[in-house]
Amino acid sequence: MSKTALHGLAIALAKELGDDGIRVNVVSPGVIKTNFSRMLWEDDAVAEGVSNGTMLGRLGVPRDIAGVRQIVPSS
């Protein structure tokens, strides 16, 4: 549900800011191998099931989304 909300926010911001030449991008990854998602990748059988449901056929790793910065305009 939070990814759907994030997607909706990105669309709304893109419409609002597009005329000013501001582009809006959102990174909304699936399962990334972090401590938070450990239960989804620590067991090989579970990890395989999760991986099979992804477009890349594998779980993400932190470097897949590294370097992404959040820029929040000041008021």
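The values are calculated or read from the model by the stated rules, or taken from the named source; none is laboratory data. Keep in mind it's a predicted model, so treat the numbers as computed, not measured. The area values use the complete protein model at the heavy-atom level, side chains included, leaving out ligands, DNA and RNA. Shrake-Rupley method; radii C 1.70, N 1.55, O 1.52, S 1.80 Å.
Angle of helix 2-17 to the longest C-alpha principal axis of the chain, folded into 0 to 90 degrees and rounded to 10: 20°.
Set the Cα radius of gyration of the chain against 2.2 N^0.38 Å, with N its number of residues, and you get 1.40.
Here the accessible area of the chain is 57 percent carbon and sulfur, with a 1.4 angstrom probe and all protein chains present.
Here the Karplus relation 6.51 cos²θ - 1.76 cosθ + 1.60, evaluated at θ = phi - 60°, turns the backbone of the range 53-58 into coupling constants of x, 9, 5, 8, x, 8 Hz, with x for every Gly and Pro. Helical content alone sets the calculated 222 nm signal of the chain at -11000 deg cm²/dmol, taking -39,500 (n - 2.57) per DSSP H segment of four or more residues and averaging over every residue. Taking all protein chains together and rolling a 1.4 Å probe, residue 32 ends up with roughly 30 Å² accessible.
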